[in-house]
Amino acid sequence: LPGPPFTHQQMPSKMVYYGQTSCEQDTERYLDVVKYVFSYYKKEVPLIINTMGWVKGEGLLLLIDIIRLLSPSHIVQMDMCDWKVMPPLTSEHIHFSAGLHTKGKQQSKCKQLGVGSMESWKYPEGEDVSAPQHKLLYVHPEFPRAGVAGEVRVHSSILRDMSILGYLGHLQSPDIGAVLPLHSLVPYQVPFNAVALRVIHTDVAPSNIMYAVNASWVGLCCIPEEVRCQSEGPVLLTQTPICDCLGFGIVRGVDMEKKLYHILTPVPPANLRLVNCLLLGNIAIPNCVLVGQQGIEGEIPYVTSDYNYSI
């Protein structure tokens, strides 16, 4: 809330690497992630839940699922002038509306026919009467163009790149001076058989997995199972785990002879000892990181202009 996220990054108390910029392709795993993170909440302090801006179609149904799942005490709903996208999210609406993965309670016949008030009908016998109760704070601006994006709106992909660059800034020395290019920083050497590997967003053949991982942004995660491998690796997971993410890194290179990943990360060594899983998602390293490296003569590693535009 105080400003763009890249200006005040903090390590969260609980974090899961979802690995995609939108949850549209896997809403079930998104809800599983929400449940996992929310289970950590001890209810000792107030919790503010900042929901997504996807409120059309399935996005609205998913929002109903999340409200039903988390049972908030208050909902702040902000509308835009002359633009009705969604109904007021009252307790009654959440109770009776079907979500994307949850069903709403069926209304009694007199209610469906519009007869009488709330007091004139009752639940059929045996039905759960514990309807969710929250206070709706509905904000509907009356002045024109309220909430409409203007020309100065920054594209979300640029904000994501800025967040990644802000995170990578922790690799630099706190002393004011020249910014060191990534190729001059010493990476950690991680044996193939010390960490499990999983590509989240697509299926990759095991023979191509190293091509996918090389020069990629990865979540450094901790799965409860011990990683065991009889050979020198790599260790490939068959399913995407819902697990703690302790930070992020760049796989700067893969040494196939010595069976090592070379990883750059600002995660402190005490936390790195807990990492036993690398998750690769659909999040790319900003182009400027690859093309803006100083001190490189000739071809830039991992960057080419020699490709077929028709593919």
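Taking each DSSP H run with n ≥ 4 as -39500 (n - 2.57) and averaging over every residue of the chain yields -5500 deg cm²/dmol at 222 nm. Helix 27-38 and the longest principal axis of the C-alpha atoms of the chain enclose an angle of approximately 90°. Relative to the current alpha-carbon distance between Met52 and Cys222, full extension at 0.36 nm per residue lengthens the span by 58.6 nm. Restricting attention to the chain, the count of lysine pairs at 8 or more positions apart or across chains with alpha carbons under 15 Å apart stands at 8. Measuring with a 1.4 angstrom probe and ignoring ligands and nucleic acids, Phe38 comes out at about 50 Å² accessible. Counting protein heavy atoms only, region 168-225 has 58 percent of its accessible area on carbon and sulfur, 1.4 angstrom probe. Across region 177-292, the convex hull enclosing all Cα atoms gives 120 Å³ per residue. Think of a 1.4 Å ball rolled over the protein heavy atoms: the chain then has 66 Å² of accessible area per residue. Compared with the dominant Cα axis of the chain, that is its longest principal axis, helix 58-70 is turned about 80°.
The values are calculated or read from the model by the stated rules, or taken from the named source; none is laboratory data. Quantities reported herein were computed from a predicted structural model and do not represent experimental measurements. What goes into the accessible areas is simple: the full protein's heavy atoms, side chains included, and nothing from ligands, DNA or RNA. Shrake-Rupley method; radii C 1.70, N 1.55, O 1.52, S 1.80 Å.
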